[in-house]
Every structure is written in structure tokens, then in C-alpha cells.
Amino acid sequence: MAVVMDEETVHAFADDTEVTEGRTLLADGAVIEAESEQRGVSGLVRDGSGAACDVWVQVVGRELTAECDGPCALASGRLCRHAVALALHAVERRLPWHTPPTTRRTPGEALHALTAVEKATVLDRLLDARPELRTEADKMAVGLLAPRERTELNALQEGTAADVEQALRALDTESLTTGYRPGFGYTDVYEAASHLIEPVIEQHEADVRRRLALGMPDAAEAVALGVLDGLDACEGDYDGDEVLCYAGENLAEIYGYKIRELLRTAGRAME
Ligand SMILES: [Zn+2]
């Protein structure tokens, strides 16, 4: 805001008689309503025994202007006694001389705009407030992690394969850290490539482990097969500047080993 709103500012925009009369009105409790507006304050000020006047004091640039429907001849750029009373009242009560414009929200709009992390917070709070929903929410969680339909399991497998392939192809050769490091010895480019590829696969291994631990072997298997498919899809046809160029032969064999072991341990042999 361009002006500092205090008594002095109010005085600067009113004649002495209006200031004196305005102060009297204020002291008499003549200001019966006052509220912040987008660029000022508005309110109702009683004038002696007469009816209350509708008053609006506005900040325009560095100036105060007023509107008043009372029996006062309001000079342009000056405040009448009612405007003085209202403005001083606002200063005294520390009413903000600016309210942010309000935009109307339709119900559900905020919920729709949440990020995934914010949605998780809402779910936690909802379940704290309505613990009786916990059983149903858990059922939905099971349905999400362990789909039953064959088509859904296929979609999980295909989605995982696409994720893996995309993540591996996106690995940047600039990130290949090779060379000698004291204490670590020499890292060649193939070893450097595996340091980038392994974390991608490990995320999905964690997912397989999680679903197995929850007793969801079909879903775990779908994810595992998806990882192997994704590795297979990366086989062969690389552009010259992909990290995969240095990943060695038979990716599914090398990088899918742990995931196949996980499934084997769970009693699901994978070819
Ligand atoms: Zn007035």
C-alpha cells in the first residue's frame, strides 16, 4: 500500500473543523459499523440525531478519498467529519486497509487441486477424524496393490515395464563417474553404468518385496515380470549416447537376478 495509515495521514486529508467534528463523532460512538474493503474501509456513521450515513474511505495511490451520503458537503479529495470518524476508528482498531480479492471456490475444487503428497495428508487427517472409515480405506488399499482381474494384473506388468524402460533410457551418460578414487580404486565405465542402473531396479525390487510381504504374490509377480520385460525392451537398439551402451549383454539376466530370486523364494519360479 502506498500510504501509511495513521492519524496523521487522516488529518492530512481533512480540514481542521472536519477533524475536530470527526473526533467528536468517534468519541460519541457514532461509528456503528466498519469493515475492510479491497482498497479502504467502509461503514456506517451516525450524524447526531439523524440517520446513519454510508461512508467509504478509499486509498487511491497516495491519496485518501471519501464518499458519504450524509448531510455534509464533501469536497473532492477531502474527508468529511463522517469519513474522519470512520478512518480514525479503523486506525484505532487496526482494521486492514486492504483485503485480498476473494475468489469463489466451488466445493471439491481444492481437493481436486491437491498434489499426491497433500492428498495423503488429507487421507491421514480424514482417518484420524473418522476412524470408522479405516477398514474401508484398507480394503481399497488392498484393491490398489493387489488387483484381482487378469486385465489389471497385465496392466500392472505393462506399466512397470514401461516405467523401467523409460527410466533406463533416460539415464544420462554425463552422470557416469569413472576413474580412480582414493580408497575406492578404479571405476571403469561398465561399473559406472551399473551404479546408475541398479537404483532404478532396486525401487521395483522394493515394490515386489512389499507386495510379497503383504501376501499379494500375483501382484508381486506382475511387477517382477514387468521389470524383466522393461529390461528386455532396452536390449540392443541403443543410441550411441545412452548409459545402456555400457550395461553389458543380456540386461534381464544381469539386473533381473535379484528380482527372480525374490520370486523363487516366494515359491514362484520364473523363466
Ligand atoms: Zn459525511
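Every read-out reported here was derived from the displayed coordinates using simple, explicitly stated rules and does not represent laboratory data. This structure is a prediction, so every number in the text was calculated from the model and none was measured. FYI the Cβ positions are ideal-geometry reconstructions off the backbone, even for glycines, and counts take in every protein chain you see.
Tell me, what is the percent relative contact order of the chain, built from C-alpha pairs under 8 Å that lie six or more residues apart?
Result for the chain is 14 percent.
Under a point spin-label approximation (7 Å from Cα along Cα-to-Cβ), what is the ARG94-ALA75 distance to one decimal in nm?
Inter-label distance under the simple model: 3.5 nm.
Once amide H atoms are placed 1.01 Å from N in the peptide plane, what residues at a sequence separation of 5 or more from GLU33, or on another chain, have their amide H within under 5 Å of its amide H?
It is LEU44, by chain and number.
Lys/Arg Cβ at +1, Asp/Glu Cβ at -1, dipole of the stretch 127-271 taken about the Cα centre: which of GLY236, TYR190, ALA224 is farthest positive-ward?
ALA224
Amide H neighbours of CYS53 under 5 Å, counting only residues 5+ apart in sequence or on other chains, H built in-plane at 1.01 Å?
Answer set, sorted by chain and number: VAL45, ARG46, ASP47.
Classify the stretch 163-212 from the C-alpha gyration tensor, please: rounded if a/c falls under 1.5, else prolate or oblate depending on whether a/b exceeds b/c.
Oblate.
With r as the distance between the Cβ atoms of ASP138 and THR106 and R0 = 25 Å, compute the FRET efficiency 1/(1 + (r/R0)^6) and round to 0.05.
0.20
Isolated Cys in the chain by the 4.7 Å beta carbon test?
Result for the chain is CYS53, CYS68, CYS234, CYS245, no neighbouring Cys Cβ within the cutoff.
Only helical DSSP H runs with n ≥ 4 go in: add -39500 (n - 2.57) per run for the chain, normalise by residue count and round the 222 nm mean residue ellipticity to 500 deg cm²/dmol.
-16000 deg cm²/dmol
Using +1 on the beta carbon of Lys and Arg, -1 on that of Asp and Glu, and nothing else charged, what's the dipole of the stretch 1-120 about the Cα centre, debye to 20?
540
Enter the Cα centre distance for the pair the stretch 110-179 and the stretch 241-271, rounded to the nearest angstrom.
23
To the nearest 0.05, what FRET efficiency results for LEU127 and ALA206 with a Förster distance of 22 Å applied to their C-beta separation?
E(calc), rounded to 0.05, equals 0.35.
State to the nearest 20 debye the size of the charge dipole of the chain about its Cα centre, where the only charges are +1 on K and R beta carbons and -1 on D and E beta carbons.
It comes to approximately 1020 debye.
Pull out a ≥ b ≥ c, the square roots of the eigenvalues of the alpha-carbon gyration tensor of the stretch 177-242, then state rounded if a/c is under 1.5, prolate if not and a/b is larger than b/c, and oblate in the remaining case.
Oblate shape, in that a/c is at least 1.5 and b/c is the bigger or equal ratio.
Calculated FRET efficiency, LYS119 and TYR190, Cβ-Cβ r, R0 41 Å, to nearest 0.05?
According to the calculation, E is roughly 0.50.
Using only Cα atoms and rounding to the nearest 10 degrees, what angle (0 to 90) does helix 189-213 make with the longest principal axis of the chain?
80
With a 10 Å Cβ neighbour count serving as the proxy for reagent exposure, in which order, fewest first, do HIS11, HIS82 appear?
Lowest to highest Cβ neighbour count: HIS11, HIS82.
Find how much the distance from ALA27 to GLU152 grows on full extension, using 0.36 nm per residue of separation minus their present alpha carbon separation; answer in nm with one decimal.
Here the answer is 37.5 nm.
Quick check: the distance between the Cα centres of the stretch 188-233 and the stretch 32-86, to the nearest angstrom?
71
Can I get the semi-axes of the chain's equivalent ellipsoid? Compute them from the C-alpha gyration tensor as square roots of 5 times the eigenvalues, in angstrom, largest first.
Values for the chain, descending: 74, 26, 15 Å.
Does the stretch 11-79 classify as rounded, prolate or oblate by the C-alpha gyration tensor (a ≥ b ≥ c root eigenvalues; a/c under 1.5 gives rounded; else a/b over b/c gives prolate, otherwise oblate)?
It comes out oblate by the Cα gyration axes.
So what are the ³J(HN,Hα) numbers for the stretch 130-138, from phi and the Karplus equation (6.51, -1.76, 1.60; θ = phi - 60°), rounded to whole Hz, Gly and Pro as x?
10, x, 5, 7, 4, 4, 5, 4, 5
Which one of LEU44, VAL91, THR106 has its Cα pushed farthest toward the positive end of the charge dipole of the chain, where Lys and Arg give +1 and Asp and Glu give -1 at the Cβ?
Most positive-ward Cα: LEU44.
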